[in-house]
Structures are given as C-alpha cells and as structure tokens.
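**Q** Following this message is one structure expressed as structure tokens.
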Amino acid sequence: MLLEVRDLYVEFRTRDGVAKAVNGVTYSVDAGETLAVLGESGSGKSVTAQAVMGILDTPPGRITGGEVLFRGRDLLKLKEDARRAVRGAEMAMIFQDALSSLNPVLTVGDQLGEMFVVHRGMSRKDARAKAVELMDRVRIPAARERVGQYPHQFSGGMRQRIMIAMAMALEPALIIADEPTTALDVTVQAQVMELLAELRRELGMGLILITHDLGVVADVADRIAVMYAGRIVETAPVHDIYKAPAHPYTQGLLDSIPRLDHKGRELYAIKGLPPNLTAIPPGCPFHPRCPRARDVCRIDVPPLYRVSEERRSACHFWEETVDASSA
Ligand SMILES: Nc1ncnc2c1ncn2[C@@H]1O[C@H](COP(=O)(O)OP(=O)(O)OP(=O)(O)O)[C@@H](O)[C@H]1O
Ligand code: SF4
Ligand SMILES: [Mg+2]
C-alpha cells in the first residue's frame, strides 16, 4: 500500500475550547488509485491532508494520535528535514487557490524550474527547459513563449494547470488535490479534472481528491471515503456507493445532487448543521440530523462495520440503509 493513514487524531486549541477536527481517521490509497474524500465543510478533509503532508498549522493544531504510513514508513516519526525531503519529491499537494499558492513576483518558469534546481541540482538553463516541458505536458498553449510570464497573466484554469505541473514536476508517488477546481467555472473544472485523471493514469500515481462535489467523483475516483465530524463514516468502491449507500449521511449527500433522471423532483437537503467540534454529540455524531436515528444511536458510537471486503460503514443500521437505498 502506498499510503495508509491509521487512526489519526488532530485537535485545535481555540478560544472556545479544544476543537476535535480529526477523530480516528483511517484510509488508504494504492499506487495508481484515486481516492475521493467527501464531506461537508468542516468535516476534517483538509486537516487530515495537512497532517499527511506535514504542513499542519502547529500550533494551534496538534496531532494527538495515529500513524501516517507512506511506503511502510511512519512519517509522523520523521525529523523535519527528512519530512521535507518527502514533500515535493515523493508526495505533493494541489490547493484550491492557485493565485495565493504561486509567488506573484516570480515568473512561472522560475517557479517550475526551482523544483529542479533545488531537488535535482540542475542548472537554471536546464531547469527552464524542464519548465517548458512541464507546461506542455499540462497543455498550456505556447509554453515556450509563456514560460517567462507571471502568474497574474494566466487565466484561473491555466494557473491551476501550472499548480498541477508544479505538483507533478518531480513525479511524486502521491498527489493530494484539495478542491482543485472549486474556484473555476464549470467547463474549465471538467478540463482540469480530466487532465488530472489522465496524468494520474500516465504516471501511475496515487491520487487523493478532496471535494464537496459528488457529481465529479463518479468519473474519476476508484474509491470514496466519506467524512463527518472528523471521522470516516463510509468507505467503498465508487459504484457500490452510487448503487446503494450504506450510511444515511452518504445517502443524504447523494440525494442532494441534482440528477437529470430526477428532473422536477425537489432537491433533498440534509437537515441541520454539522456539529460544533468542541462539543461533538455523544454516540453517533450524526444522530441529531439522521432520519434513521434511534435511542442506541444517542449512546453507542458506531464502529466502522464491515459491509463487504472493500466496504465499511459507521452506522449501527447499515444493513437497513443498504436495503432501503437499493430498493
Ligand atoms: N488553523 C486552524 N485553527 C483552528 N481550527 C482549525 C484550523 N484549521 C482547521 N480547524 C478546525 O478544523 C475543522 C476542520 O477543518 P477542515 O479544513 O479540515 O475542513 P474541511 O473538511 O476541509 O472543510 P472545507 O470543505 O470547508 O474545506 C474546522 O471546522 C475547524 O474547526
Ligand atoms: S448510527 Fe444511527 S444515527 Fe448514526 S447514521 Fe446510523 S442510524 Fe443514523
Ligand atoms: Mg478543506
């Protein structure tokens, strides 16, 4: 397995108390595989990714438990310089907002080339040639002419391609893309997603794709992990989830995406709000919002039940949920 996150815990000290942002997350990604991580805002998707990458804001954030095994090594046990060597070369991250991730006063060629100068000891001239090659690879037209331009001279979609080029420069084994297309308009979103999927296939990388958007996931992901209140509530192969969710929260997410075949039907919205992370409800954290909740749900924390070989659900009533959703 390329990456295995095991029972990860992250807390933030805030004025209102300790916010339990990540509460025992376990997920894995293999080489060549795409794992989509879904969940509402505040569910801990980004914080988990930051802990994996070693870029968590510490303080106020703190990892309080768990392991991040990358090719069998626990990254949480590495010293900062060893950790830095992994970042960029072996795993890289793509963020939502390319404009604030790129340096406005350096040309894109210099920023892309820097990767090769720093990590590969290349000359400036060779690094620039590499930068052009990368820009070609992410299909930026007229790369040779545009390599000397600054980030603001590119459109949002082209800037996001530059971010992708930067992330894949050193051909890392794992890329984490955190809402990589959210800031783009719909057609550009689809192009960038397609590019990402294509490069993943070509390079055989593992990809973790964090997104709110269940709509985009069907085409690109192999497996899905659904997060709620800092926990994984369901993991499964994509087609299983679409066929019949095994957790009422996943069901709610699915029912709230617009579907052509359900035209005219009122769009469902999960009622209520995500929990306050300084006071997560006891038992199943989803119970205040769950249409299936019963007394036991208010008391017993559901473990990740084994639904099938490849599938887990943190719902006491997962069987009922599958039956109802496949009916
Ligand atoms: N720098 C920080 N300081 C304090 N609390 C933080 C910080 N970063 C994250 N948190 C806490 O962790 C929670 C989870 O945040 P995270 O960014 O992982 O959510 P997310 O699932 O990525 O949401 P979104 O979809 O909005 O990006 C937040 O709701 C917040 O309570
Ligand atoms: S355990 Fe209970 S409250 Fe939680 S998702 Fe299942 S039915 Fe709903
Ligand atoms: Mg996020």
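The values are calculated or read from the model by the stated rules, or taken from the named source; none is laboratory data. Computed from a prediction, not measured in an experiment: that's the story for all the values here. Backbone-built Cβ (ideal geometry, glycine too); neighbour counts: all protein chains shown.
**Q** In the stretch 1-23, which residue that is out of contact with any Pro (no Cβ under 6 Å at 6 or more places or on another chain) and surrounded by fewer than 17 Cβ atoms within 10 Å (Cβ to Cβ) is farthest from I270 (Cα to Cα)?
**A** Ranking the qualifying residues of the stretch 1-23, first place goes to M1.
**Q** Could you tell me which residue of the stretch 115-124 is farthest from the chain's Cα centre (by Cα), considering only residues that are of a type in the set (A, V, I, L, M, F, W, C) and surrounded by fewer than 21 Cβ atoms within 10 Å (Cβ to Cβ)?
**A** M122
**Q** Continuing with this model, one more query. Name the residue, out of T182, T187, that is free of Cβ contacts under 8 Å to residues at least 24 places away in the same chain and among the polar types (S, T, N, Q).
**A** Only one candidate qualifies: T187.
**Q** Only one residue in G206, G252, G264 is out of contact with any helix residue (DSSP H, G or I) (no Cβ under 7 Å at 6 or more places or on another chain) and modelled with pLDDT of 95 or more, so which one is that?
**A** Being out of contact with any helix residue (DSSP H, G or I) (no Cβ under 7 Å at 6 or more places or on another chain) and modelled with pLDDT of 95 or more holds for just one of G206, G252, G264, which is G206.
**Q** Six or more apart or on different chains, Cβ atoms under 9 Å: show the pairs whose first residue is in the stretch 292-319 and under 23 Å from I224 (Cα atoms) and aromatic (F, W, Y) and whose second is within 16 Å of ligand 1 (Cβ to nearest atom) and not in a loop (DSSP other than H, G, I, E, B).
**A** Pairs that qualify, where the first residue is under 23 Å from I224 (Cα atoms) and aromatic (F, W, Y) and the partner is within 16 Å of ligand 1 (Cβ to nearest atom) and not in a loop (DSSP other than H, G, I, E, B), are W318/E234.
**Q** Taking the criterion of being polar (S, T, N, Q), out of contact with any helix residue (DSSP H, G or I) (no Cβ under 8 Å at 6 or more places or on another chain) and closer than 28 Å to S28 by Cβ, would at least one residue in the stretch 103-121 satisfy it?
**A** Checking the stretch 103-121: not a single residue is polar (S, T, N, Q), out of contact with any helix residue (DSSP H, G or I) (no Cβ under 8 Å at 6 or more places or on another chain) and closer than 28 Å to S28 by Cβ.
**Q** Looking at Q96, is it under 17 Å from L209 (Cα atoms) and free of Cβ contacts under 8 Å to residues at least 12 places away in the same chain?
**A** Judged against the criteria, Q96 is not a match.
**Q** Across the stretch 57-70, what is the number of residues that are under 21 Å from the mean Cα position of the chain (by Cα) and at pLDDT below 95?
**A** The total comes to 2.
**Q** Taking the residues in the stretch 169-195 that are at pLDDT below 90 and hydrophobic (A, V, I, L, M, F, W, C) as candidates, determine which candidate is surrounded by the fewest Cβ atoms within 10 Å (Cβ to Cβ).
**A** Per the stated criteria, the residue is V186.
**Q** Moving on to the next point. Of everything in the stretch 25-66, what is crowded, with 17+ Cβ neighbours inside 10 Å and more than 16 Å from ligand 3 (Cβ to nearest atom)? Give them in sequence order.
**A** Answer for the stretch 25-66, where residues must be crowded, with 17+ Cβ neighbours inside 10 Å and more than 16 Å from ligand 3 (Cβ to nearest atom): T26, S28, V29, E33, T34, G54, I63, G66.
**Q** Away from ligand 1 (no atom under 14 Å from the Cβ), farther than 19 Å from L75 by Cα and touching a residue at least 24 places away in the same chain (Cβ under 8 Å): which single residue out of G44, G39, G32 fits that description?
**A** Answer to the selection: G32.
**Q** Within the stretch 92-114, identify whether any single residue is within 17 Å of R6 (Cβ to Cβ), over 19 Å from the mean Cα position of the chain (by Cα) and either aliphatic (A, V, I, L, M) or away from ligand 3 (no atom under 16 Å from the Cβ) (or both), and answer yes or no.
**A** no
**Q** Please work out which one of (1) closer than 24 Å to N276 by Cα; (2) at pLDDT 95 or above is the condition R15 fails and give its number.
**A** (2)
**Q** How many residues are within 9 Å of ligand 1 (Cβ to nearest atom) and in contact with a helix residue (DSSP H, G or I) (Cβ under 6 Å, 6 or more places away or on another chain) when one looks only at the stretch 47-61?
**A** Of the residues in the stretch 47-61, 1 are within 9 Å of ligand 1 (Cβ to nearest atom) and in contact with a helix residue (DSSP H, G or I) (Cβ under 6 Å, 6 or more places away or on another chain).
**Q** I would also like to ask the following. Quick one: is V216 crowded, with 16+ Cβ neighbours inside 10 Å and either in a strand (DSSP E or B) or away from ligand 1 (no atom under 16 Å from the Cβ) (or both)?
**A** Taking the combined requirement at face value, the residue does not satisfy it.
**Q** Any idea which of (1) in a helix (DSSP H, G or I); (2) surrounded by fewer than 20 Cβ atoms within 10 Å (Cβ to Cβ); (3) more than 22 Å from the chain's Cα centre (by Cα) is the one A127 doesn't satisfy?
**A** With respect to (1) in a helix (DSSP H, G or I); (2) surrounded by fewer than 20 Cβ atoms within 10 Å (Cβ to Cβ); (3) more than 22 Å from the chain's Cα centre (by Cα), A127 is out only on (2).
**Q** Residues in the stretch 99-111: is at least one under 30 Å from G39 (Cβ atoms), away from ligand 2 (no atom under 16 Å from the Cβ) and in a loop (DSSP other than H, G, I, E, B)?
**A** Checked against the condition, which is being under 30 Å from G39 (Cβ atoms), away from ligand 2 (no atom under 16 Å from the Cβ) and in a loop (DSSP other than H, G, I, E, B), the stretch 99-111 yields at least one hit.
**Q** Taking the criterion of being at pLDDT below 90 and more than 16 Å from ligand 1 (Cβ to nearest atom), would at least one residue in the stretch 222-238 satisfy it?
**A** Among the residues of the stretch 222-238, not one is at pLDDT below 90 and more than 16 Å from ligand 1 (Cβ to nearest atom), which makes the answer no.
**Q** Let me ask another. Which of the residues spanning the stretch 1-50 are under 12 Å from the mean Cα position of the chain (by Cα) and not polar (S, T, N, Q)?
**A** Y27, V29, L35, A36, V37, L38, G39, G44, K45, V47, A49
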